[in-house]
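These notes concern the structure reproduced below.
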There are 2 protein chains.
Amino acid sequence: MPSSTKKTISKEPPPPPKGPKITEMTDDTITKNTILVNSQHTNMRLLFLLQKVVQHLHDFAIETRLTTEEWEVAIQFLTDTGKMCSDIRQEFVLLSDVMGLSVLVDSISHPKPPNATIGTLLGPFHTHDAAEMHQGDSICSDGRGEPLLIEGLLTEPDGTPVADAAIDLWHCDANGLYDTQYPNRDHPDMRGIVKTNNNGSFIIKCTRPVAYPIPHDGPVGKLLQKINRHPYRPAHIHFIIEKEGYDRLITALYAKGDPYETSDAVFGVKTSLLYTLDKLGTEKAKKYGMDPEDWYLKWHFKIITKDEAKKLMVQKNQEALTGAATNLILNADGLPEPSPLD
Amino acid sequence: MPSSTKKTISKEPPPPPKGPKITEMTDDTITKNTILVNSQHTNMRLLFLLQKVVQHLHDFAIETRLTTEEWEVAIQFLTDTGKMCSDIRQEFVLLSDVMGLSVLVDSISHPKPPNATIGTLLGPFHTHDAAEMHQGDSICSDGRGEPLLIEGLLTEPDGTPVADAAIDLWHCDANGLYDTQYPNRDHPDMRGIVKTNNNGSFIIKCTRPVAYPIPHDGPVGKLLQKINRHPYRPAHIHFIIEKEGYDRLITALYAKGDPYETSDAVFGVKTSLLYTLDKLGTEKAKKYGMDPEDWYLKWHFKIITKDEAKKLMVQKNQEALTGAATNLILNADGLPEPSPLD
């Protein structure tokens, strides 16, 4: 290739914004300087989140003495995880689930008093197209599994009934699959919404869920296999309970005695959410047009108001700050961020 | 929907592997238990990396009191970042670059003694199709920018010439774009490989690089904009220097006085890598068929052997462990992992 003698006029980029001067980055200076450069704005909560992201990311690399080759593997893993995501598959949520982050964030962000029903992780199978059902309807089409009748009661912790609340529930079939995992799904199945009566009660038919593996044909499944972890969840039924003025409850009930009760791949099980099924019996079978040998589950859900939930979250966040020698304050949302005086 | 009375036989999943029993996950127990479940294998380095990932991920959520809504934003950001990746675009590398992680990992993984040329981040524009050039060739097609002649010397720190080493260099054109950023690229341009002579010298023609913005039309660019950070890098020329028996040097030379010298968007600049261009002058212009007003850069690169590099890395890793009350040892690769006695 011949040398060019044509002079090209460089396009001048706009002048850089005023900001911290950074140069000569070393192990000792890169973290502080990255945080400085990330702090040239006034969204103090975002500033705090990014400060902590950078600090932990860098501390991770420093403490592990991370190699370039390991960094490359991590970049490829994250890329593959992103590529696996689609309208019906969220591989990053799955990653968060198996790393215990999802249930931790639920616990931090939605703390419950001891006398209310505890929450747990949402999981990736909730949809927004479930149909509203009448009392005693079945959310399942025929042949989905062993029939199960649920009689529920929704109250405040003191027993005050919560009427007209939406109980959104969903579960897998006897094959361990949700409706969304079947090709050509054209309508919701094994999911539905029922409203509570004036006395807070509701009644709905479904089928007995079974233990199943989380989707494990992607990067997250390969990781689990590599570290000798199984992908199974114990049998469970998901619930979202919603009513104006009350804190939305995302929870699930788990089968006591399930082989995976104490090794849930996504850490969702809590003792107070374990159920044991009874046989339905003659009387209820007759009343609801079922078989006496069908299954029966009775559950009492207790929810708290939005105000109580916010107050508890702020109180826990305040406790978390107390004692730590920090420059942090709680903002109007009750979340920690750097004090404006700093 | 009618209640089904058909009994379906559940498929029994395989029994769960023996492992730690986990249940009743709370803020206080989830981290320890996730690490336990991730530790049912004997790849101690991977075990250590995952332990630290989980610890830092959970500490981040706990310290920031992360909300479900913020977690959702993070999941979406990572998903978008993965979706942006393609054969010619690596958005996760870009994210690592702007968060200071790339230059940190290079610094940890490839430490250099003070008398050797320091390394810096690779960046996303290296390719593997650069052509091998002869001494004095130009790596640029016509009209790419103001011509620049580079005279280089490659030695060990004590001055011993390193002959027959591959000098792989690449840079942007006067528009601030690499060849790969133009549509329909059908051959490499502004990149090439030249071998050092017996005395360690090499000579190559290229063009003066200019400051440019990193690709900022994706999730990473949007993040930078949101936090008031500019995406520019100061003008620079990338180098990979490789020879059997020597530690591969990934580095770059930066234009001293560039408007972005002290605010490189990816933190790559180091003082010892700053260059100042001279005018080529009559004599060299005549010798290499160029114009006396063309640019001239002379640089002395100093590389170390693989053995020296490994020794230095292990020494630094050992220093990092010393004093910390840990159960860690350095493995055969010189990388920390838990002691098998634990």
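Every number here is computed from the coordinates shown, using simple stated rules; none is lab data. Keep in mind it's a predicted model, so treat the numbers as computed, not measured. When we count neighbours, we look across all protein chains shown, and the Cβ atoms used for this are built from the backbone with ideal geometry, even at glycine.
Of note:
- Neighbour-limited loop hits for trypsin sites (Lys or Arg not before Pro), the stretch A:18-52 (at most 11 other Cβ within 10 Å; DSSP other than H, G, I, E, B): A:Lys18, A:Lys21
- Bridges between two residues of chain B, per DSSP, are antiparallel at a rate of about 70%.
- Shielding by partners - mean other protein chain Cβ count within 10 Å, residues of B:50-62: 6
- Between the stretch A:117-142 and the stretch A:154-227, the alpha-carbon center distance in angstrom: 5
- For A:Thr42, the label point sits 7 Å beyond Cα toward Cβ; its separations from the matching points on the remaining copies run 6.1 nm, from shortest to longest.
- Given +1 at the Cβ of Lys and Arg, -1 at the Cβ of Asp and Glu and no other charges, the dipole of chain A around its Cα centre is 640 debye to the nearest 20.
- Label 7 Å beyond Cα on the Cβ vector: B:Arg89 copy-to-copy distances, nm: 2.2
- In this calculation the C-beta distance from A:Glu151 to A:Glu242 is compared with R0 = 25 Å, giving a FRET efficiency of 0.80.
- Average beta carbon contacts from partner chains per residue of B:265-273, 10 Å cutoff: 3
- Rg [Å, one decimal], Dmax [Å, integer] - the protein assembly as shown, C-alpha atoms: 30.5, 108
- Using a Gaussian network model of chain B in which every pair of alpha carbons under 10 angstrom is joined by a spring, one finds that among B:Ser39, B:Ser102, B:Ser263 the greatest mean-square fluctuation is at B:Ser39.
- Ranking A:Thr251, A:Leu273, A:Pro234 by how far each Cα lies toward the positive end of the dipole of the stretch A:226-293 (charges on Cβ) leaves A:Pro234 at the top.
- Other-copy label distances relative to A:Pro157, 7 angstrom Cα-Cβ extension, nm: 6.5
- Only Lys, Arg (+1) and Asp, Glu (-1) charged, at Cβ; the protein assembly as shown dipole about Cα centre in debye: 220
- Centroid-to-centroid separation of the stretch A:233-260 and the stretch B:293-339 [C-alpha atoms, Å]: 50
- Relative contact order (percent, whole number), the stretch B:251-292, Cα cutoff 8 Å, 6+ residue spacing: 32
- Beyond 30 Å in Cα-Cα separation lie the following of the pairs A:Lys222/B:Lys18; B:Lys222/B:Lys279; A:Lys306/B:Lys21; B:Lys195/B:Lys279; A:Lys310/B:Lys32; A:Lys52/B:Lys32: B:Lys222/B:Lys279; A:Lys306/B:Lys21.
- Bridges between two residues of the stretch B:193-338, per DSSP, are antiparallel at a rate of about 90%.
- Rg over Rh, two decimals, chain B (C-alpha only, Kirkwood Rh): 1.08
- Pair B:Lys287, A:Leu36: separation of 7 Å Cα→Cβ label points (nm): 4.2
- Stretchable slack from A:Thr68 to A:Thr262, in nm (0.36 nm times residue separation minus alpha-carbon distance): 66.1 nm
- Peptide packing: for A:297-306, B:156-165, the average count of neighbouring Cβ atoms within 10 Å per residue gives the ranking A:297-306, B:156-165, highest mean first.
- Local net charge near B:Gly192, Cβ-Cβ under 12 Å (Lys/Arg +1, Asp/Glu -1): -3
- Inter-label distance, B:His300 to A:Lys21: 2.7 nm, where each label sits 7 Å from its Cα along the C-beta direction.
- Residue of chain A with the Cβ closest to the rotation axis carrying A onto B, and that distance rounded to whole Å: A:Gly82, 0.
- Counting all C-alpha pairs of the stretch A:20-66, share separated by more than 18 Å (%): 31
- Acute angle (nearest 10 degrees) that the helix A:306-321 long axis makes with the longest principal axis of chain A, alpha-carbon atoms: 40
- Inter-chain neighbour count for A:34-44: the average number of beta-carbon atoms from partner chains within 10 Å of each residue's beta-carbon is 4.
- Electrostatic bookkeeping for A:Leu321 treats Lys and Arg as +1 and Asp and Glu as -1; over the other residues with beta carbon under 12 Å from its beta carbon, the sum is -1.
- Antiparallel %, DSSP beta bridges [both residues in the protein assembly as shown], to 5: 70
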